[in-house]
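Novice: Input: one structure, supplied below.
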Amino acid sequence: MTIRVGKNPTLNFWKGETDLANIEEKVENIILEPIKKLGYELYDVEYVKEGKDYFLRIYIQSEKGIDLNDCEKVSNEITEILDKEDPIKEQYFLEVSSTGVEKNLRKEKHLKENLNNEVQIKLFKPIEGKKQYKGILKEFDNDYLTLLVDKEVKLDRKNISQIKTVYNW
């Protein structure tokens, strides 16, 4: 579900990565409780620029699963709150969705929840000729992540572009 919101339809400057992360944190703090009250868990907030457009993506989950009605309910609840609090000055598209079966692991808590689980990692620069690794997440710290493939592989977190859970169909 995508809804175009925000007060200013034009943008006069580029927001850097840090600014985008700050916006994600502000939005998360604003919508966490309202989403909980509806009976859902806020999994993640992502604010990204794609082409000329900005997208605020809200990922929710529930033990019962998530369907379109759940996304609509959350969207309706948080749209008015976001308009009132106005944490984002430029125009953006609001998307509310489930995490999907293969979840992006962007936060420390996501990594902790998936220790000893299979993950897929994409890298910015290849290591040993590979830009993708699939294996068991063994450990991590602020700088490195250790993955058990055929052997243990230590990956610099600055070189990781994406980490996802693996669903074996």
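Novice: Kindly provide the set of residues from segment 86-134 that are touching a residue at least 60 places away in the same chain (Cβ under 8 Å) and either polar (S, T, N, Q) or farther than 21 Å from residue 42 by Cα (or both), ordered by number.
Specialist: 89, 90, 91, 97, 104
Novice: Looking only at residues that are among the basic types (Lys, Arg) and in a loop (DSSP other than H, G, I, E, B) in segment 52-89, which one is surrounded by the fewest Cβ atoms within 10 Å (Cβ to Cβ)?
Specialist: The extreme case among them is 52.
Novice: Within the bounds of segment 32-39, is there any residue that is at pLDDT 95 or above, assigned to a helix (DSSP H, G or I), in contact with an Asp or Glu (Cβ under 7 Å, 6 or more places away or on another chain) and surrounded by 11 or more Cβ atoms within 10 Å (Cβ to Cβ)?
Specialist: yes
Novice: Still on this structure: What do you reckon, is residue 96 in contact with a Cys (Cβ under 7 Å, 6 or more places away or on another chain) and surrounded by 18 or more Cβ atoms within 10 Å (Cβ to Cβ)?
Specialist: Here the answer is yes, as residue 96 does meet what is asked.
Novice: Quick check on segment 130-160: of everything there that is over 20 Å from the mean Cα position of the chain (by Cα) and basic (Lys, Arg), which residue is surrounded by the fewest Cβ atoms within 10 Å (Cβ to Cβ)?
Specialist: In this case the residue turns out to be 151.
Novice: Does residue 49 satisfy the condition of being surrounded by fewer than 19 Cβ atoms within 10 Å (Cβ to Cβ) and touching a helix residue (DSSP H, G or I) at 6+ places or on another chain (Cβ under 6 Å)?
Specialist: Judged against the criteria, residue 49 is not a match.
Novice: For the structure I just gave you, tell me whether residue 94 is assigned to a strand (DSSP E or B), modelled with pLDDT of 95 or more and over 17 Å from residue 157 (Cβ atoms).
Specialist: yes
The values are calculated or read from the model by the stated rules, or taken from the named source; none is laboratory data. Predicted model only: the values in this text are computed from it and were never measured. FYI the Cβ positions are ideal-geometry reconstructions off the backbone, even for glycines, and counts take in every protein chain you see.
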